[in-house]
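Remarks on the structure that follows.
The values are calculated or read from the model by the stated rules, or taken from the named source; none is laboratory data. Note that this is a predicted model, so its numbers are computed, not measured. When we count neighbours, we look across all protein chains shown, and the Cβ atoms used for this are built from the backbone with ideal geometry, even at glycine.
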Amino acid sequence: MSSIPNRLQTLTIPGPAGNLEALLVEGQPEARYAALVCHPHPKGGGTMHNKVVYRAAKTMHSFGLPTLRFNFRGTGLSEGEHDEGRGEREDVRAALDWLQQRYGLPVLATGFSFGAYVGLRTCCGDARVPGFAALGLPVAVEGRGYRYSFLADCTLPKLFISGGADQYGPQAELVRIVASAATPADLVIIQGADHFFADKLEEMQQALREWLVSHFFPGAASGSSSHTP
């Protein structure tokens, strides 16, 4: 594999509630996919600069993919107001539209926590997205309930990575949710990890990397030596 461009660009992309602040790292000219990463709940301090989001984006980019992160409406410099996951689905669609217009490639999508929920709701059934990785899928967070019955009809390849000590995603409930999802759906539990994968970020990256190799990059190296955190 040739060297991967690593130029970081600060962008604004048009969204339905106003411009969205975004960061793009260019990929290889021969990339077969683009990548999108969605951040956790802004009311908990979530932004596109979150450590889990950053590490996930680095992992996606290590395969040579142009990789986009963005701030949901009302977060950072993004215009509009937080909409409890409703309008944020339109923000995800706006990001997909932008990537499609720029690259014309299928988009491998990833989300952490709130970003996993909103991203899954949006990307399931969207023909532009051939796979989605949900990190720290939330079940119940500070009174906010999340429902996943839609996963029964979501046939794209899905990966769920959560910590064995995730305070917002009890393991038994995650197992039930993944079992109810249409196949293919893979669940990886990182023992000892909390919701934010504290001290376990490299294990999270490795699980994401192995899934990408298995489903989208057969023959690519899946070991940690192929990626610098």
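All but one of (1) surrounded by 14 or more Cβ atoms within 10 Å (Cβ to Cβ); (2) touching a helix residue (DSSP H, G or I) at 6+ places or on another chain (Cβ under 9 Å); (3) not in a loop (DSSP other than H, G, I, E, B) hold for Arg128; state the number of the condition that does not hold.
Unmet condition: (3).
Being touching a strand residue (DSSP E or B) at 6+ places or on another chain (Cβ under 7 Å) and either free of Cβ contacts under 8 Å to residues at least 60 places away in the same chain or within 18 Å of Leu8 (Cβ to Cβ) (or both) is the requirement here; does Ala31 meet it?
On the way: touching a strand residue (DSSP E or B) at 6+ places or on another chain (Cβ under 7 Å): no; either free of Cβ contacts under 8 Å to residues at least 60 places away in the same chain or within 18 Å of Leu8 (Cβ to Cβ) (or both): yes.
Considered against the rule, which asks whether it is touching a strand residue (DSSP E or B) at 6+ places or on another chain (Cβ under 7 Å) and either free of Cβ contacts under 8 Å to residues at least 60 places away in the same chain or within 18 Å of Leu8 (Cβ to Cβ) (or both), Ala31 comes out as no.
Take Val213 and decide whether it is modelled with pLDDT of 95 or more, surrounded by fewer than 18 Cβ atoms within 10 Å (Cβ to Cβ) and not polar (S, T, N, Q).
Against the criterion (modelled with pLDDT of 95 or more, surrounded by fewer than 18 Cβ atoms within 10 Å (Cβ to Cβ) and not polar (S, T, N, Q)), Val213 qualifies.
Looking only at residues that are loosely packed, with under 15 Cβ neighbours inside 10 Å and either part of a loop (DSSP other than H, G, I, E, B) or touching a strand residue (DSSP E or B) at 6+ places or on another chain (Cβ under 8 Å) (or both) in the stretch 143-160, which one is modelled with the lowest pLDDT?
Gly143
Being under 18 Å from Tyr117 (Cα atoms) and charged (D, E, K, R) is the filter here, so list the residues in the stretch 1-50 that pass it.
Passing the criteria: only Lys43.
Using the structure shown, decide if Gly136 is under 25 Å from Gly45 (Cα atoms) and in contact with a Gly (Cβ under 9 Å, 6 or more places away or on another chain). Give the derivation first.
On the way: under 25 Å from Gly45 (Cα atoms): yes; in contact with a Gly (Cβ under 9 Å, 6 or more places away or on another chain): yes.
Considered against the rule, which asks whether it is under 25 Å from Gly45 (Cα atoms) and in contact with a Gly (Cβ under 9 Å, 6 or more places away or on another chain), Gly136 comes out as yes.
Assuming Thr110 fulfils every condition listed in (1) surrounded by 23 or more Cβ atoms within 10 Å (Cβ to Cβ); (2) outside any loop (DSSP other than H, G, I, E, B); (3) among the polar types (S, T, N, Q); (4) more than 13 Å from the chain's Cα centre (by Cα) apart from one, which condition is it?
Of the numbered conditions (1) surrounded by 23 or more Cβ atoms within 10 Å (Cβ to Cβ); (2) outside any loop (DSSP other than H, G, I, E, B); (3) among the polar types (S, T, N, Q); (4) more than 13 Å from the chain's Cα centre (by Cα), the odd one out for Thr110 is (4).
Being touching a residue at least 60 places away in the same chain (Cβ under 8 Å), among the aliphatic types (A, V, I, L, M) and either surrounded by fewer than 17 Cβ atoms within 10 Å (Cβ to Cβ) or touching a His at 6+ places or on another chain (Cβ under 8 Å) (or both) is true for just one of Ala198, Ala220, Ala172. Which residue is that?
Testing whether each residue is touching a residue at least 60 places away in the same chain (Cβ under 8 Å), among the aliphatic types (A, V, I, L, M) and either surrounded by fewer than 17 Cβ atoms within 10 Å (Cβ to Cβ) or touching a His at 6+ places or on another chain (Cβ under 8 Å) (or both) leaves just Ala220.
Checking Ala140 against (1) within 28 Å of Pro106 (Cβ to Cβ); (2) surrounded by fewer than 20 Cβ atoms within 10 Å (Cβ to Cβ); (3) touching a residue at least 12 places away in the same chain (Cβ under 8 Å), which single condition isn't satisfied?
(1)
Quick one: is Gln205 out of contact with any helix residue (DSSP H, G or I) (no Cβ under 9 Å at 6 or more places or on another chain) and either modelled with pLDDT under 95 or polar (S, T, N, Q) (or both)?
no
I'd like the residue in the stretch 85-107 that is among the small types (Gly, Ala, Ser) and at negative phi and, out of all such residues, is surrounded by the most Cβ atoms within 10 Å (Cβ to Cβ).
The residue in question is Ala95.
Quick one: would you say Gly46 is over 20 Å from Asn71 (Cβ atoms) and either touching a helix residue (DSSP H, G or I) at 6+ places or on another chain (Cβ under 7 Å) or touching a residue at least 12 places away in the same chain (Cβ under 8 Å) (or both)?
So Gly46 fails the test.
Exactly one condition in (1) part of a loop (DSSP other than H, G, I, E, B); (2) at pLDDT 95 or above; (3) of a type outside the set (Ser, Thr, Tyr) is false for Gly169; which is it?
All conditions pass for Gly169, except number (2).
Run down Arg176, Arg121 and say which single residue is modelled with pLDDT of 95 or more, charged (D, E, K, R) and within 28 Å of Gly64 (Cα to Cα).
Answer to the check: Arg121.
Being modelled with pLDDT under 95 and more than 30 Å from Ala31 (Cβ to Cβ): is that true of Ala198 here?
Working: modelled with pLDDT under 95: no; more than 30 Å from Ala31 (Cβ to Cβ): yes.
No.
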